[in-house]
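The values are calculated or read from the model by the stated rules, or taken from the named source; none is laboratory data. If you're wondering where the values come from, they're calculated on a predicted model, not measured in any experiment. All Cβ positions, even for glycine, are placed from backbone atoms using ideal geometry, and neighbour counts span all protein chains on display. Each accessible area value is taken on the protein alone, full model and side chains, heavy atoms only, with ligands, DNA and RNA left out. Shrake-Rupley method; radii C 1.70, N 1.55, O 1.52, S 1.80 Å.
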Amino acid sequence: MDQQLDNFTFVLFGAEGDLSSRKLLPSLYQLARWNQLPDKYKIIGVSRSEIGHDGFRAYAKKSIQEHVSGAVTNTEALDLFCESLYYVCTDLTEAKGYMLLRHEVDTMVASESSCSNLLFYLATPPGLAPHIIDNLEKAGLGGKSKNCKGWRKIVIEKPYGFDLKTARELDAIVGRVFHEEQVYRIDHYLGKEPVQNILVFRFSNGMFEPLWNRQYIDNICITIAENFGVRTRGAYYEKSGLLRDIIQNHGLQLLAAIAMEPPVDLNADAVHDEKEKVFRSLRPLTKENVRDHVVLGQYEGYRSEKDVAPDSTVETFAAIRWSVDNWRWKGVPFSMKAGKNLAKRVTEIAITFKCPPQNFFGPPDSCSYTANQIIIQIQPEETIAIRFGTKRPGKELVTDPVFMRFDYKTSFGHGKMTPYQRLLLEAMAGDQMNFIRQDAVESSWKVIDSIRESMKGVVPEPYPVHSWGPELKQ
Ligand code: BG6
């Protein structure tokens, strides 16, 4: 283990849910196997079914075997991990179940009575978060509870609220029961290696940062495309839509990482301060200008998906042209395109540089043909490519675009952690840098609420499955 973590108890709310089964339990198992967890740890699953400790262990074992390759044969490691699992059955909205949880925590830390280090993970539907936090407080398990020496942390999954109003309501409860430095609002995009690398790429290399501004950059384009639809999540999408599901969090976080100023140091607050300035520099999209800068789409066939209304006007696609109104970026368009059922699955950021002042080499439009670009691909490949023009072999002086490419796989091989593994470790270690601070939640909801309000009544444009969706107005 790189950093010695404190012994602790991990309390997993929504223990039988999809996220726990697909991501969290498998990630915890892998971290244990790689010796990344502390010497002593306990995981308490909390959920409604009366399955008991053994039932939860069996459930976890099955989930891990389904989602971790090699786990089926490595029964010894799996059995050992499952010995750390415990279970509390309760309706999460009822206070009395939390006394059972407290009892379970106390039993495990013997004489220390609820004073072990506790990390609560809310892998539950958003409506339950206020109940859980409220009930933790009533049971004396809140972060501000006076009688306790151990640390307390809470990890809260997205969506964090549903709009500015509900996010503020949730924050009022969170802030009553926990200190901000105990709160980890998770966006799994911030656990992706190439996303974490943006900060390093920009600020550890002397050659890029001097060019990273309106003088040299022509435009920036962020794409978050998926080549599948809403699958089984029709009901969720009907309430959410793509603006809330993808842009409010993943999209705006990528934009902030690309546009932010260098932080004064690598303290989480210093990084969050710079990201917050980016959100505050986004030009408001209002009724007057929104149609020039935003287009919403819905893939053909969405209305026939399970749990989707036959006349649904929910968007499954958005293209947005943002303006970041500050000294560095004024006038540089940041285009963002995100959608379901698009032509391919790709998340990338393309930074296109301005052409040189004189174009000596043909063909006549060769500037846009060979314009310098830095393309940061986050998935499916994890690469950074630099595009530049080069002389096409032969007698004539004409240029062709070529690429220099860095690929994580080639340089570092396989075996890296998944976003959830990385973020779980960061939360355990108390590093909030790759989590969302409260002010960023508010700022990003403000932006999304304003687009939604300004686009009220606009029916998303239909687009064919596996196309690139509707175009923004030029
Ligand atoms: C989630 C969204 O946050 O991110 C999903 O709710 C989306 O709709 C997913 O599919 C994309 O994550 P990734 O890591 O597969 O790009």
Descending Cα extents along the principal axes, the stretch 150-202, whole Å: 38, 34, 17
Contour minus end-to-end for Thr313 and Phe412, with contour as 0.36 nm per residue of separation and end-to-end as the Cα-Cα distance? 31.2 nm
List the pair-distance distribution P(r) of the stretch 320-474, using every Cα-Cα distance, as the percent of pairs falling in each 5 Å bin from 0 up to the bin containing the longest distance, rounded to whole percents. 2, 6, 9, 12, 15, 17, 15, 11, 7, 4, 2, 1, 0
With 5 Å bins from zero, work out the P(r) of the stretch 193-269 over every alpha carbon pair and list the percent per bin. 3, 11, 18, 21, 15, 12, 8, 7, 4, 1
For Arg303 the rounded accessible area (nearest 10 Å², probe 1.4 Å, non-protein molecules ignored) is 100
A student asked for the Cα radius of gyration and Dmax of the stretch 9-157 in angstrom ought to give 14.8, 46
On each of the three principal axes the extent of the alpha-carbon atoms of the stretch 190-463, given in whole Å and largest first, is 62, 47, 40
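Express as a percent, rounded to the nearest 5, the fraction of DSSP beta bridges in the chain (both residues included) that run antiparallel.
Rounded to the nearest five, the antiparallel share is 55 percent.
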Report, to two decimal places, the Cα Rg of the stretch 134-267 normalised by 2.2 N^0.38 Å (N = number of residues). 1.35
Geometric extent, Cα atoms of the stretch 292-349 - Rg, Dmax (angstrom): 15.1, 47
Say each of Ser69 and Asn267 gets a label point 7 Å from the Cα, pointing the same way as Cα to Cβ; how far apart are those two points in nm? 4.4
If we restrict to alpha carbons, what Rg and Dmax does the chain come to, in Å? 24.1, 85
Given a 1.4 angstrom probe, what's the average accessible area per residue across the chain, in square angstrom? 46
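Whenever you get a sec, line up Lys473, Lys96 from highest to lowest accessible area (probe 1.4 Å, protein heavy atoms).
Most to least solvent-accessible, the answer reads Lys96, Lys473.
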